[in-house]
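Below: the structure, in structure tokens.
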Amino acid sequence: MGRVIIRAVNLRKEFSRPRRQTGRLGGLRTLMARQYDITIAVDDVSFEVAEGELVGYLGPNGAGKSTTIKMLTGILVPTSGQVEVAGRIPWRERERNALDIGVVFGQRSQLWWDLPLIESFKLIGKLYRVTPQQFVRNLDRFTHLLGLDAFLATPVRQLSLGQRMRGDLAAVMLYEPRILYLDEPTVGLDVVAKERMLTFIAEVNRESATTIILTTHDLQDVERLCRRIILIDHGRVLYDGPVERLVDRYAPHRMLVVQFSSTAAPALSLPPHADVSLDKQESGKVWIRFDPNRVAVADLIAAVTRQCAVSDLSIMEPDLEGVVRQIYERHHLAS
Amino acid sequence: MSRLWRNRRAFAGITVVGIRTFFTYRSLVTFFMVSMLLQVYLLKVVWTAIYGSQPRIDGVSIQTLIVYLTLTNVQLHFTFSDVPRLVRNRLREGQVATDLTRPLGFPAQLVANQLGGTIAGLTLLLPALPLALFLGGLSLPASPVAGLLYMGSLGLAYLIELLIGMIVGLIAFWTLEIWGIQVILGFVSRFFSGALVPIWLFPGVLRKVAEVLPFQAIASIPASIFIGRISGRGVVDAIGLQGIWIVLLLALAAWVWRRAQRRIVVQGG
């Protein structure tokens with residue numbers, strides 16, 4: 001693992017909004033009263049990212065993902081705490097920091113609406129001081145990788161969402177930033193476009209050793225791409241570590257799905273064990289929940305097949321989505 | 001400054017975007033131009049009627065006054081700053097997030113954009129000059145030196161308008177909506193710039209107010225130099241005043257920008 005390139009320490013961001021007065025002359029009173037509502041978008045977030053890592057930054061809507069990214073990119077000034085990217089404080093050296101980073105927001109484009117895609121690329125080249133050789137080489141490479149040939153001359157406003165997103169990705173890669181922030185890059189994309197995007201992200205991370213932070217609420221993206229995830233909710237980090245450990249820690253259970261030969265499910269008596277329970281039952285099928293660390297699968301299967309005729313058996317691994325949902329639910333109950 | 005030099009290609013690039021964007025708004029600008037020409041014509045009619053048979057009012061002949069009014073109105077069209085609208089739109093659409101991740105500072109991007117708009121605007125304004133001459137009236141400057149000083153003073157006027165535009169635009173970082181401010185400012189600046197009624201004809205208090213506001217430095221000062229109403233020692237004072245306004249507004253704009261950066265809220269997540 002390389003050296004630390006992104007460091008956030010006790011990062012916090014509050015937003016204050018004037019409290020809206022309702023009723024007669026509400027607008028005017030809003031101006032005069034000067035009462036503020038304070039929302040804490042990010043609350044005491046700390047983490048480090050090493051050069052070359054691909055980290056999934058996960059959370060439900062409004063968890064504080066985008067706000068964190070905006071502090072890392074220098075767009076927002078933190079209310080308190082420190083942030084350091086490639087040895088710089090992003091908001092203080094915003095323009096210098098900009099040369100090191102690429103930012104793709106799924107919700108908006110950094111391309112120029114009225115310009116053909118290729119013109120936007122040329123302008124990016126000028127903005128980020130890309131040498132002509134580097135420009136030609138990268139334009140070739142990414143046009144090919146992302147399949148942009150067909151619409152290079154089309155004004156950005158006429159591109160489909162998938163085309164535009166590919167255009168946006170190519171645009172940031174033209175100047176080969178050390179760090180890439182991808183904020184919900186697959187939002188609204190169809191399966192094909194999404195697949196293409198994910199393949200590209202993986203390749204960029206592997207080939208150019210670009211550090212990537214990917215925010216998303218789509219867990220499939222994360223399972224595909226990231227070894228490490230940071231999970232946040234209500235502005236706080238709930239988990240930071242490898243994907244597998246998250247599953248082990250929060251969802252140690254497996255599910256044994258048994259399909260009986262007859263549709264009428266026979267009465268089944270499970271081994272009297274604290275870590276085995278009947279989860280669900282419907283026409284000729286049962287789901288048995290167990291902890292593989294405590295109960296041997298073979299014993300469980302033997303116990304079931306001894307009692308009745310079974311036509312099919314399978315073991316279900318918990319998926320990340322279920323795990324994350326569980327964690328959020330637990331967190332919401334606790335808070 | 002050295003930073004801007006390093007970013008000269010970036011600056012030029014954004015200027016080109018400004019030029020290209022202008023042409024998508026060309027029909028709108030044409031309407032502004034038509035209303036400007038109409039205003040010049042109506043001012044000529046009204047002021048000719050006011051003058052009646054008097055050869056001069058306050059030492060200025062009707063012919064000279066018409067040149068002054070034509071010039072100020074054409075000038076206001078030239079110096080017009082589109083920065084408030086630009087900032088407001090970028091904020092409303094949340095695009096300011098992208099702007100802030102560019103290696104060229106946000107204020108520099110605004111300047112480059114406006115410069116592009118001005119350059120493109122000249123392609124409409126220059127062909128309209130003969131029309132302005134026809135509907136209003138133009139003449140040669142009072143002297144060749146006055147002509148040169150006029151160009152310099154017009155350049156300073158452009159900077160003053162640009163800085164005012166920046167400050168008003170940046171207010172949107174607090175209020176998001178600045179349309180009301182733009183409407184009031186549009187009226188106040190037009191009136192106190194002396195483009196409707198020359199400032200030397202304002203009654204006592206109003207004239208004092210006009211003299212402490214920056215708007216006369218945008219229209220009245222350059223045009224008065226052109227027609228020779230301000231001359232000799234007066235020119236030095238007038239251009240010096242423009243310089244003072246630039247320094248003051250520059251300091252204010254820098255201060256507002258520093259504070260605005262802490263106020264950023266990106267619309268739409």
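One table, with the values for the structure above:
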read-out: Helices (runs of 4 or more DSSP H) contained in region B:1-97 and holding at least 3 residues within 14 Å of chain A (Cβ to nearest Cβ), farther than 21 Å from B:Leu154 by Cα and among the small types (Gly, Ala, Ser); value: B:8-24
read-out: Residue match in region B:43-57 (condition: surrounded by 20 or more Cβ atoms within 10 Å (Cβ to Cβ) and touching a residue at least 40 places away in the same chain (Cβ under 8 Å)); value: yes
read-out: Any hit, region A:37-44, residues being under 20 Å from B:Ile264 (Cα atoms), part of a helix (DSSP H, G or I), within 13 Å of chain B (Cβ to nearest Cβ) and at pLDDT below 90; value: no
read-out: Subset of region A:115-129 (residues that are at the interface with another protein chain (Cβ under 10 Å from one of its Cβ atoms) and either in contact with a strand residue (DSSP E or B) (Cβ under 6 Å, 6 or more places away or on another chain) or surrounded by 15 or more Cβ atoms within 10 Å (Cβ to Cβ) (or both)); value: A:Leu115, A:Glu119, A:Ser120, A:Lys122, A:Leu123, A:Ile124, A:Gly125, A:Lys126, A:Leu127, A:Tyr128
read-out: Test result for B:Thr123, within 14 Å of chain A (Cβ to nearest Cβ), over 19 Å from B:Val247 (Cα atoms), in a helix (DSSP H, G or I) and not small (Gly, Ala, Ser); value: no
read-out: Qualifying residue in region B:249-257 (condition: at pLDDT 95 or above, within 28 Å of B:Tyr51 (Cβ to Cβ) and surrounded by 13 or more Cβ atoms within 10 Å (Cβ to Cβ)); value: no
read-out: Matching option when the condition is modelled with pLDDT of 85 or more and farther than 19 Å from A:His234 by Cα, among A:Glu14, A:Glu48; value: A:Glu48
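The values are calculated or read from the model by the stated rules, or taken from the named source; none is laboratory data. Nothing here was measured: the structure is a model prediction, and the numbers come from that model. FYI the Cβ positions are ideal-geometry reconstructions off the backbone, even for glycines, and counts take in every protein chain you see.
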